[in-house]
Amino acid sequence: MRILLAGQPNCGKTTLYNRLTGRQEHTGNRAGVTVTCARGRLRGTGEEVVDLPGLYSFTGGGADEQAARQAILNEAPDLILNVVDSTALVRGLTLTLQLLSLRRPMAVLLNMADEARKKGIRIDARRLSARLGVPVYPISARTGEGLDDPSRFLREGRISATTVPKTQEGLFRLAREIGAEVTKGPGSSQRQGADRLLLHPLWGLPLFGLILGLVFLVTFQWAGPWLSRGMEALVDMLREAMSGTSMDLPPITEGLLGSTGYVLSFLPIITILSLLLTVLEDVGYLPRAAFLLDGWLKKLGLDGRCAVPLLLGFGCTVPAVMATRSLPETDLRRDTVRLLPFVPCSARLPFLLIMGGLLFPSRPARGALLFYGLSLLLGVVYGTVTRPKASRSVFYLELPPLRLPRWQSVLRETEKHVDHFLRRAGLILLPTAFLLWVVSHINTGLHPLQMGEDSLLSAGAKVLSPLLRPLGLDDWRAGVILLSGIGARETMASTAALFMGEGLCLSGEQALILGVVALLLPPCLGTLVTVRGELGRREMGKLILRQLLLAWSIGVILHGLLQLMARLLP
């Protein structure tokens, strides 16, 4: 038996799906969180449950809504569970009526019943069931209210005989009529007191800058560095404990712990950044930031709908690319993905802190923030210069209600980010660090030697020397650092730590150029694969070529400017 969970965006489908199946799919307080169909088994019965992306109606929308419509029309569901936000019943009923016209067994779940009660909204579920011709159940997926026996949905779901209008105007008219008949209490929700400040035309943007600034201050200046020093101390204690034992081997103590262990010391900073971004998403602030940034993004040929994917890019570019599925136009998706490489993801953070430490030895966080600012500034300049001339469709955005963060959900999503980082550390960083140490300590004849110009690694890396000299990077190890980030950006930090432990010295100018070029290079392999799946091989190839040329060109220009400044300001 196949059960489809269908409903409008941000109605709580995925929270319900997780409760019914025991899975842990990503949830968030905004529209467009679910962009693919998730499949699981109903606990207790084993029936297949499919969580569809949210869709407002059977017409229009982005790729995520198209996927939902195709699943409803083509998968021949045995039961449709229509999830409706109880606090916005009339809006949800427009989709409910369209689902009834499919003549499939169906039940309506009035989710967020607890929030509706807090707002004074009372829905007569029996009268609504009589009007729709299908069973209606008030539930709360967040608290589990009304979900003691979910198998009853399977038993009691039925086909409706209700006559459904064919036009959109008729659907809206009937939805309003039914809503007025079965609902008592406040009508359309008024703007909350907090929104009067958060969305204020004068104070909204400065407040957004303050909130984002606090996120970076907590991450880079306050809690992050303090916890990272504790992690470094643990790594140093481990190395001391291994000294003099059978595990005291250079490939392990120098190659693995000396490089990868250094990267792992930045795990607290990445954890804090992921935690704070998840909190902003869960309370419903990200869509409000999108509303505020609409005017600025229009200068780049985008609009406010693109703000959420761009803000998610600070965490990881892969989900940011997938979040563009909620955008209604292919060109808008492509233009958003085009600017995502300029948003520094958390995987780049360890390397930026290393380069920042070379610029500001006592304040590496200040250097990391400098790189963040330069990358975003270059993205603005590039987006303005290459702004598409085609006009966009009308911008509309659903603002979810402001809620206190659900800490269980926030911690679960943060745990996923940390787990992702650790998995990459285990699967990519450790083998890469070990391999780099080995090939840098043997020559072309496979004989051991100290790291230097005669190593097997240097022989291969010197092929890039003609490209690196115009950037002012005359050490072959700089090329290895850049190449090591192809699989995962975290590897650049472990490679830099390995070489710096072996005597690599970079001037402040070289550190600045190396950091900027690393920021502008094509994203990691995982992101490129995602771009290929979302937009095709051609767009992936254009992205790679564009970022390579841009990174090299900006590096050459920056080197020339720094040389000129050194001559003018001796």
Per the rule of 0.36 nm per residue minus the C-alpha distance, extending M237 to T330 adds in nm 28.2 nm
Ranking I80, G12, A125 by how far each Cα lies towards the positive end of the charge dipole of the range 11-133 (+1 on Lys and Arg Cβ, -1 on Asp and Glu Cβ), the top one is A125
Footprinting proxy, V439, V517: sorted fewest to most Cβ within 10 Å, the residues are V439, V517
Filtering the chain for DSSP H helices with an axial alpha carbon extent of at least 24 Å and a Kyte-Doolittle mean of at least -0.5 returns 223-242, 364-385, 537-568
With +1 on the Cβ of every Lys and Arg and -1 on the Cβ of every Asp and Glu, the dipole magnitude of the chain about its Cα centre, in debye rounded to the nearest 20, is 1980
In nanometres, the difference between 0.36 nm per residue of separation and the alpha-carbon distance of R366 and L427 is 18.9 nm
If unit charges are put on Cβ atoms (+1 for Lys and Arg, -1 for Asp and Glu) and the dipole of the chain is taken about its Cα centre, the option from L292, H26, A116 lying farthest towards the positive end turns out to be A116
With the 8 Å Cα cutoff and a minimum separation of six or more residues, the chain has a relative contact order in percent of 12
Hits in the range 89-120: amide N under 13 Å from the 7 Å Cα→Cβ extension of R406, namely 111-115
Stretched fully, the stretch from H200 through E75 gains (0.36 nm per residue minus C-alpha distance, one decimal, in nm) 40.5 nm
The farthest towards the positive end of the charge dipole of the range 2-184, of the residues G44, T59, S160, given +1 on Cβ of Lys and Arg and -1 on Cβ of Asp and Glu, is S160
For H447 and R538, extending 7 Å from Cα along the Cα-Cβ vector and measuring point to point gives, in nm, a value of 5.5
Kirkwood Rh for the chain from C-alpha pairs, in Å, is 26.1
The range 2-184: spread of alpha-carbon positions along the three principal axes, whole Å, largest first, is 37, 34, 32
Computed for the range 1-98: size of charge dipole around the Cα centre, +1 on C-beta of each Lys and Arg, -1 on C-beta of each Asp and Glu, debye to nearest 20, value 200
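Rule-based calculations on the coordinates, nothing more; no lab input. What you are looking at is a predicted structure, and each value in this text was computed from that prediction instead of being measured. Positions of Cβ are backbone-derived with ideal geometry, glycine not excepted, and every protein chain shown enters the neighbour counts.
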